[in-house]
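Okay, here's the structure, questions in a sec.
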Amino acid sequence: MTDDRRAAALRLRDLAITVAAALLGGLAAVALALPVAWLLGPVVATTVCSLAGLDTRPPEFLKTFAFFVLGVQAGSGVSPEVASQIALWPLSFLIQLVGVLLAVVLCYAYLRRALGWDHASSLFASLPGALSFVVAAASETKADMGRVVIIQSIRLLMLIAALVPLLGALEGGGTMGSSIRPGGEGGLFDYGLMFAGCAVTAFLAARLNVPGGMMLGALIGSAVLHGANVVTVSLPAFLALPSLVLLGIIVGARLSGIDARAFGKLLVPSLGCFALSLLGTGLAGIAAVVFVDLPAPNVALAYAPGALEALTVLAFQFDIDPAYVAAHHVVRFFAIAMAVPFLAKRVSRREARDDGRTAGAPGE
């Protein structure tokens, strides 16, 4: 067997083990009556597989399928009544960004001052979300990439682990258990119209490089169709459930390739950053609930420093406005994505100055 075939066989083996573990994790979560069991169980199972050294990353076509299907599903949770709340969104965006800034300052101070990390690693590990942009920018500096990726990944995993039971309590989700929200009744024309419309918007969003483009584009198309009462159907469980399991695998695969010992060494700093991120965004969330009179569950998901795809799906599963949640995560993503190149240049100039001082110091 050639090296390429051997590598492909090992990749297929790891993927098969990951899918089997994710399904068993989902079944275990169902047996424990956990909220959104078919997301939470696969996340935990895939995380364990990742730390055990398996290549848990699903193929791109499966990720694309999952994001598209879940976007269609999330958009179906939008109702015509959403329009009455849109006027409050700009103020909510502003409060959210203040919370993001506070979270970054708190995390940076913790990593830099309390733990003695270098400036670049502390800064890029503190930015909540937009991981691809953050990693790309950090790679142009002397930041410790392992620290940055692990801190960011653990924050996402902890966020899902914390938000699912919290939302279950806020929404009375304990009774919801593992359920997948059922789709509405409709004919083939309704389903055809929904999928065709969502395919167009998903394709356009992906071509425009919108963050989470495949999922967000499908969500926009579905939200417009459902918000205008053009269609009323949602996804049947036989499509929604596999996509939810795939999303759990995608989230858990964020730790694929990370050494378990490195994970263990950075677990405490990661938990500290997670707690401080929640403190910063949580204070902003309290302000939004008190002064703007927004529902607490909506704000909890919209202000959470996590991934657009996972949190938008949670919004749908807990019957929370997915358009509000997705819009806030897109705003956070763009704010961070626009700030990151500027920050990277400043860090690089600072490092160059420090190197110049070191090189020119007497006795060096």
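Output the number of the condition that PRO58 fails; it satisfies all remaining conditions of (1) part of a helix (DSSP H, G or I); (2) within 21 Å of the chain's Cα centre (by Cα).
(1) is the only condition that PRO58 fails.
To continue, here is another question. Considering the stretch 215-251 alone, what residues qualify as being open to solvent by 20 Å² or more (accessible area, probe 1.4 Å) and either outside any helix (DSSP H, G or I) or among the acidic types (Asp, Glu) (or both)?
ALA228, ASN229, VAL230, THR232, PRO236
Given (1) open to solvent by 10 Å² or more (accessible area, probe 1.4 Å); (2) part of a helix (DSSP H, G or I); (3) not aromatic (Phe, Trp, Tyr), where does HIS328 come up short, assuming only one miss?
(1)
Can I ask one more? Could you go through the stretch 21-32 and let me know if any residue there is modelled with pLDDT under 90, surrounded by fewer than 13 Cβ atoms within 10 Å (Cβ to Cβ) and outside any helix (DSSP H, G or I).
Checked the stretch 21-32: at least one residue is modelled with pLDDT under 90, surrounded by fewer than 13 Cβ atoms within 10 Å (Cβ to Cβ) and outside any helix (DSSP H, G or I).
Hey, among THR281, THR312, which residue is part of a helix (DSSP H, G or I), of a type in the set (S, T, N, Q) and at pLDDT below 85? So that I can check it myself, show each step before the final result.
Values: THR281 fails: at pLDDT below 85.
One residue alone meets the criteria, THR312.
Look through THR2, THR46 and report the one residue that is open to solvent by less than 30 Å² (accessible area, probe 1.4 Å), farther than 30 Å from VAL230 by Cα and among the β-branched types (Val, Ile, Thr). It would help to see each step written out before you state the result.
Working: THR2 fails: open to solvent by less than 30 Å² (accessible area, probe 1.4 Å).
After ruling out the rest, the residue left standing is THR46.
I've got another one for you. Among the residues in the stretch 196-214, are any modelled with pLDDT under 75, at positive phi and either open to solvent by 40 Å² or more (accessible area, probe 1.4 Å) or in a loop (DSSP other than H, G, I, E, B) (or both)?
For the stretch 196-214, residues modelled with pLDDT under 75, at positive phi and either open to solvent by 40 Å² or more (accessible area, probe 1.4 Å) or in a loop (DSSP other than H, G, I, E, B) (or both): present.
Would you tally the residues in the stretch 108-154 being closer than 23 Å to ASN209 by Cβ and assigned to a loop (DSSP other than H, G, I, E, B)?
6
Can you give me the number of residues within the stretch 235-254 that are small (Gly, Ala, Ser) and touching an Asp or Glu at 6+ places or on another chain (Cβ under 8 Å)?
Narrowing the stretch 235-254 to residues small (Gly, Ala, Ser): 237, 240, 243, 248, 252-253.
Next cut, touching an Asp or Glu at 6+ places or on another chain (Cβ under 8 Å) only: none.
Residues that pass the stated criteria total 0.
Looking at the stretch 131-146, which of its residues are closer than 16 Å to CYS107 by Cβ and buried (at least 24 other Cβ atoms within 10 Å of the Cβ)? Walk me through how you get there before you give the answer.
Taking the stretch 131-146 first, the residues closer than 16 Å to CYS107 by Cβ are 131, 134, 138, 143-144.
Matches in the stretch 131-146: VAL134, ALA138, ALA143.
Inspect the stretch 257-267 for any residue being assigned to a helix (DSSP H, G or I), over 20 Å from ALA162 (Cβ atoms), aromatic (Phe, Trp, Tyr) and open to solvent by 30 Å² or more (accessible area, probe 1.4 Å) and give the result as yes or no.
no
Residues in the stretch 288-296: is at least one in a helix (DSSP H, G or I), open to solvent by less than 10 Å² (accessible area, probe 1.4 Å) and of a type outside the set (Val, Ile, Thr)?
So in the stretch 288-296, the residues in a helix (DSSP H, G or I) come out as 288-291, 296.
In the following step, the residues that additionally are open to solvent by less than 10 Å² (accessible area, probe 1.4 Å) were identified as 288.
Then drop every residue that is not of a type outside the set (Val, Ile, Thr), which leaves 288.
Yes, the stretch 288-296 contains a residue that is in a helix (DSSP H, G or I), open to solvent by less than 10 Å² (accessible area, probe 1.4 Å) and of a type outside the set (Val, Ile, Thr).
Another question about this same structure. Just a yes or no: is a residue in the stretch 263-275 over 13 Å from the mean Cα position of the chain (by Cα) and among the basic types (Lys, Arg)? Give the steps one after another, and end with the answer.
In the first step, residues of the stretch 263-275 are kept if they are over 13 Å from the mean Cα position of the chain (by Cα); the result is 263-275.
Narrowing the set further to residues that are among the basic types (Lys, Arg) leaves 265.
Yes, the conditions are met somewhere in the stretch 263-275.
Inspect the stretch 70-77 for any residue being open to solvent by 30 Å² or more (accessible area, probe 1.4 Å), at pLDDT below 90 and closer than 30 Å to ALA199 by Cα and give the result as yes or no. Talk me through it step by step, then tell me what you get.
So the first thing to find is which residues in the stretch 70-77 are open to solvent by 30 Å² or more (accessible area, probe 1.4 Å), and the list is none.
No, the stretch 70-77 has no match at all.
Could you list, in sequence order, all residues of the stretch 277-303 that are within 19 Å of ALA327 (Cα to Cα), under 16 Å from the mean Cα position of the chain (by Cα) and small (Gly, Ala, Ser)?
Listed by number, the residues that qualify are ALA300, ALA302.
The values are calculated or read from the model by the stated rules, or taken from the named source; none is laboratory data. Being a predicted model, the structure only gives us computed values, none of them experimental. Positions of Cβ are generated from backbone atoms using ideal geometry, with glycine treated the same way; all protein chains shown enter the neighbour counts. Just the protein is used for accessible areas: all its heavy atoms, side chains included, with ligands, DNA and RNA removed. Shrake-Rupley method; radii C 1.70, N 1.55, O 1.52, S 1.80 Å.
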